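Input: a single structure, listed below in structure tokens.
What follows is calculated from the coordinates using simple rules that are stated; it is not laboratory data. Here the structure is a predicted model, which means the values were calculated and not measured. Methodologically, a virtual Cβ is constructed for each residue, glycine included, from the backbone with ideal geometry; neighbour enumeration extends over all protein chains shown.
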Amino acid sequence: MEQRYCVYILASRSRRIYVGVTRDLLRRVLEHKCGAVEGFTSRYRIDRLVHFEQTGYLQAAVAREKELKGWRRDKKLALIEASNPTWEDLSREWYDCTRTAPADSSLRSECGCAMKCSVRRRGAALADS
């Protein structure tokens with residue numbers, strides 16, 4: 001099976017953006033949605049997938065991530081809006097999630113957040129492509 005790497009852009013509702021790279025987009029987006037990793041994306045609730053690109057080569061993915069991170073904000077916005085003009089969350093149908101309150105450790109997802117999630121087939125198909 002060929003390995004796939006993804007360069008992705010996440011956004012908050014206020015359109016603060018983050019560029020990243022991963023070999024498991026489904027898992028990584030879920031981690032961002034859950035706030036599982038402390039830092040910029042959890043602090044500013046950057047959890048909406050607005051753009052992603054796939055490649056079969058790690059070096060190409062890392063180079064593209066560095067290229068995008070070097071771009072001015074207006075160029076990144078133009079890239080997003082060329083394929084996703086309404087800034088829809090491209091992962092909105094990938095997960096069946098319900099928040100739990102209070103956080104019950106028996107209901108934590110794999111990423112450790114207080115959500116009970118399962119991946120829908122559409123997202124699973126992305127992982128297999």
### Query
Using the per-residue mean of other Cβ atoms lying within 10 Å as a proxy for protection, in what order, highest first, do the peptides 63-74, 20-31 fall?
20-31, 63-74
### Query
Extension gain Q59-R73, at 0.36 nm per residue separation less the Cα-Cα distance, in nm?
2.7 nm
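How do 33-43, 76-86, 2-12 rank on mean C-beta neighbours within 10 Å, highest first? Let's see the in-between values first.
Working: 33-43: 15.7, 76-86: 12.9, 2-12: 18.8.
Result, highest mean first: 2-12, 33-43, 76-86.
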### Task
Set the Förster radius R0 to 22 Å, insert the Cβ-Cβ distance between D24 and A82 as r into 1/(1 + (r/R0)^6), and round the FRET efficiency to 0.05.
0.30
### Task
Would you kindly derive the ³J(HN,Hα) couplings of the stretch 45-51 from the backbone phi angles with the Karplus curve 6.51 cos²θ - 1.76 cosθ + 1.60 (θ = phi - 60°), listing them in order in whole Hz, with x for Gly and Pro?
6, 8, 9, 9, 6, 10, 6
